[in-house]
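Colleague: So that we are looking at the same thing, I have put the structure below in structure tokens.
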Amino acid sequence: MNSKTRSIREGTIGAIAEGTGRPSRQDIFDVLRNRRRQCIIEYLQQNEGDGPFELGELVEYVTALEADAAPRESTPVERKRVYNALRQTHLPKLDDAGMITYDPETNRIGLETAARDAQRYLQYTPGSAIPWHTCYLGVSVAAAVVIGAHWFEISPLGGGSGGTIAGVVLAAFVVVAIIHAVDTLTNSIRLDGRCEPSKR
């Protein structure tokens with residue numbers, strides 16, 4: 001797809017962040033919320049050295065994944081259904097977002113840099129607005145202040161035994177880590193290992 005055509009289509013869905021020439025974080029999440037598109041990107045990343053790719057191999061891969069069968073065991077009806085969905089919806093959407101290049105005339109697909117960058121965005125969603133680096137930094141600073149006060153016997157922060165101080169500091173980090181883990185699990189759209197066809 002030429003740059004002019006892509007520009008027109010991108011203007012419809014807002015795939016390219018203003019002034020950057022790259023997909024915005026929100027657009028990446030919007031695109032990769034779909035399981036088929038996640039698996040397409042993962043397949044292209046895993047086989048990047050073999051590109052450009054043919055539509056047929058993606059159809060075979062996704063069909064086998066969804067049918068939980070070996071790639072050659074899927075039926076023509078299943079392959080046709082996946083072929084239509086990929087060609088009409090999923091590949092154009094990924095192309096719009098700048099994550100792949102897709103030529104509908106030749107049915108050839110290439111991987112773009114934006115897709116290589118997308119993996120880190122699968123670890124959290126924009127719905128999670130908690131600045132975790134700031135939280136950990138704040139707990140670290142508070143721990144340093146308490147430990148310093150204890151070391152120099154400054155009241156009231158310096159009160160208590162060394163074991164008590166250590167326990168409080170450890171508990172603070174554990175609580176923050178647990179909240180962080182829950183937030184990540186709640187908001188993530190990470191790949192869950194299901195993008196693998198059966199080995200049968």
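The values are calculated or read from the model by the stated rules, or taken from the named source; none is laboratory data. Fair warning: this is a prediction, and the values are worked out from it, not measured in the lab. Here the Cβ positions follow ideal geometry from the backbone for every residue, glycine too, while neighbour counts run over all protein chains shown.
Colleague: Tell me whether the stretch 40-59 contains one or more residues that are at pLDDT below 75, surrounded by 14 or more Cβ atoms within 10 Å (Cβ to Cβ) and out of contact with any strand residue (DSSP E or B) (no Cβ under 7 Å at 6 or more places or on another chain).
Modeller: No, the stretch 40-59 contains no residue that is at pLDDT below 75, surrounded by 14 or more Cβ atoms within 10 Å (Cβ to Cβ) and out of contact with any strand residue (DSSP E or B) (no Cβ under 7 Å at 6 or more places or on another chain).
Colleague: May I pose another question? With the structure loaded, tell me whether Leu137 is surrounded by 15 or more Cβ atoms within 10 Å (Cβ to Cβ), modelled with pLDDT of 85 or more and assigned to a helix (DSSP H, G or I) or whether it fails that test.
Modeller: no
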